[in-house]
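Peer 1: Attaching a single structure in structure tokens format; questions to follow.
The values are calculated or read from the model by the stated rules, or taken from the named source; none is laboratory data. Predicted, not measured: the structure shown is a model, and the values here were computed from it. FYI the Cβ positions are ideal-geometry reconstructions off the backbone, even for glycines, and counts take in every protein chain you see. Surface areas here come from the heavy atoms of the whole protein model, side chains and all, with no ligands, DNA or RNA. Shrake-Rupley method; radii C 1.70, N 1.55, O 1.52, S 1.80 Å.
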Amino acid sequence: MRLPIASDQLKALLVGQNLIAPERYDEFYQEAERKSQSVIDILISEKIVERDYLSDLIANALGVPRADFSVQKIDNNAVKLLTEDVARQRQVMIFGREEDGTYDVAMLNPSDLETREFLSQRLNANIKAFLASPEDLNRGFSVYGYELGQDFKKIIEDDVRASLTSRSENAAAAAVDLPIVGIVNNILSYALASRASDIHIEILEESTFIRYRIDGILYQIMDITKAVHPGIVARIKLLAGLKIDEHFAPQDGRFRYQVGVQNIDVRVSTIPTFYGEKVEMRLLESSQKPLSLEELGMLPDTAKIVGDNLKKSYGMVISCGPTGSGKTTTLYALMNMLNRPEVNVTTVEDPIEYNMKYVNQTQVNPQAGVTFASGLRALLRQDPNIIMVGEIRDDETADIAVQAALTGHLLLSSLHTNDAPTAIPRFFDMKIPPFLVSSVLNLVLAQRLVRKICQVCTYSYDADPAVIATLETQLKENGLDKGKVRIPKTLFRGKGCTACGMTGYRGRLGIYEAFEVDQKMKELIINPHFDLAAVRAHAREAGMKTMFEDGLQKVEVALTTLEEVLRVIRE
């Protein structure tokens, strides 16, 4: 995030409010420069200042009001006075018009006089600048995606008709056929506008259908004739550098796609199915920065436990959960906290999802003999202080990881388990002796992802008795005492609006549980009569909140809905 005011001015603001000492600000600024991040993001992640309070301070210093689209309405017609490319390039959005004809413009940098003059001339009117955060602008930009959705099916249908009349002779010709190129480009563009994380292109007996995963939920977008399926697959293979004439073996590749000034890394996987090849594309923003623990959705007490354990010089920190639960994103956040000039941070990943400055990242490549185990063994000869292994999935990797953690390295990794306590028997399954597990484990996290309520259209309502009864049943199933868990009486949800695609949700956050391995826990781990129930009971006694409890707290403060928490807990 580019600073809307000069760094010296920001420093004077914070020092003047007694929020930070001058030399401490300088340290954070140098850290931000080293990591190619904004000092604002560093200050917020270090809890020096809250984002809303800082935005208010900066807006007051600039003499402009603050745009907050959680409370201010967006005029869709005003938004469309600028094309999406121009709006994203300039990082501005027109969101309203006043009675005297002045346009209200949200700007990431209201001090940008050149952009203000450009807008004034383009609109042939006066403009009133508002300070907006990147989150507010992205919320506003969703209007473009909603409008694109109205025309998406018609555009695709027109391209399909054109491709059927041009009928290329082979896959290579189809891959560069203009209508096919248009279909693939529009599938990608609409996915980005819809905030999709994945695109599925699947062929059935009668047709091909396209599905997007948005905020963790799959939505069927449209069906098209299967006649164009080979051309679409060939085009995607060409972009990803895959073999166009290979139809009977899975293939993996990637490419970069640009929309306006936004670059997206697209990870491609193809696999043969009964009726033809299925394509899955994972969309990753190439400029995505690691999130802070607060941005992930971690509450202060859990964040403190995590922060305390990251200060240890050796041992293991494990993140647990099923596929798609956000484990890797959490590991990147932890690495970002640990990424300092005096330590050597190295990783072995599959795939490398975010490029981190000053972190030595290695991609798993089985064809070249680079597996998690062999990559980790090689990393140990690179004088690392901190190691991140994307996943511990086999006995060999587990053994090397444990040995690394025993010999003075802090090791971060993930496991596929349903909750935090189950990580311990999972290590036993991978033939790690209990005394070694107790010696190396520092902290175990488990998580799920829930959809966030859209802040533009949220509203409250009273929970009815049936809902309370369902909650009490769920508490009982989770072994929780309903007398010790606060059940929210007021609930929240989104009505549905253009900002959230009429779903009532926009974005996701984590719900967590975490426990430290203290002396009592070590004794339970090495007990010959290991009892997982005893481990859970002690973790609770030591202060661990379950994911369900964490979710209920987020329901109470309008971050997510009760339905979402129940959905992911029951999965």
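Peer 1: Could I have the simple spin-label model distance between E114 and V343, label points 7 Å from Cα toward Cβ, reported in nm to one decimal?
Peer 2: For the pair E114/V343, the computed spacing is 4.0 nm.
Peer 1: If you don't mind, another one. Over the chain, what percent of the accessible surface lies on carbon and sulfur atoms, probe 1.4 Å? Please list the in-between numbers first.
Peer 2: Working: 12730 of 26130 Å².
About 49 percent, which is the carbon plus sulfur part of the accessible surface.
Peer 1: Past 32 Å, Cα to Cα, is the threshold; run K327/K431; K311/K489; K73/K237; K35/K237; K431/K452 against it and keep the listed order.
Peer 2: Numbers: K327/K431 23 Å; K311/K489 39 Å; K73/K237 43 Å; K35/K237 34 Å; K431/K452 39 Å.
Long pairs (Cα-Cα over 32 Å): K311/K489; K73/K237; K35/K237; K431/K452.
Peer 1: Same structure, new question: If you consider only alpha-carbon coordinates, what radius of gyration and Dmax does the range 417-571 have, in Å?
Peer 2: So, for the range 417-571, Rg and Dmax equal 18.2, 58 Å respectively.
Peer 1: Could you tell me how many cubic angstrom of Cα convex hull volume the range 23-163 has per residue? Don't jump to the answer; show the numbers that get you there.
Peer 2: Values: hull volume 23.3 nm³, N = 141.
Expressed per residue, the convex hull around the Cα atoms of the range 23-163 is 165 Å³.
Peer 1: Report the Cα-based extents of the range 176-217 along its three principal axes, largest first, to the nearest Å.
Peer 2: On the principal axes, the range 176-217 reaches 32, 26, 10 Å in Cα extent.
Peer 1: Considering the values (i) 37.1, 120; (ii) 25.5, 80; (iii) 27.1, 95, which represents Rg and Dmax of the Cα atoms in Å as calculated for the structure under consideration?
Peer 2: Here Rg and Dmax of the Cα atoms in Å agrees with entry (ii).
Peer 1: Ok, one more. So what is the orientation-averaged projected area of the range 18-74, using the convex hull of its C-alpha atoms, in nm²? It would help to have the intermediate numbers written out before the result.
Peer 2: Values: hull surface 20.2 nm².
For the range 18-74, the mean projected area of the Cα convex hull comes to 5.0 nm².
Peer 1: Sort by residue number and name the cysteines in the chain that have no neighbouring cysteine Cβ under 4.7 Å.
Peer 2: Cysteines of the chain left without a disulfide-compatible partner: C320.
Peer 1: Stokes-Einstein diffusion coefficient for the range 251-399 at 20 °C in a medium of 1.002 mPa s, Rh from the Kirkwood formula over Cα pairs: what value in µm²/s?
Peer 2: Working: Rh = 17.2 Å.
So the translational diffusion coefficient is about 124 µm²/s.
Peer 1: Taking the Cβ of R377 as the center, what net charge do the other residues with Cβ under 15 Å away carry, scoring Lys and Arg +1 and Asp and Glu -1? Walk me through the numbers before you get to the answer.
Peer 2: Working: positive: R381; negative: D383, D394, D395, E396, D399.
Combined, the nearby Lys, Arg, Asp and Glu give -4.
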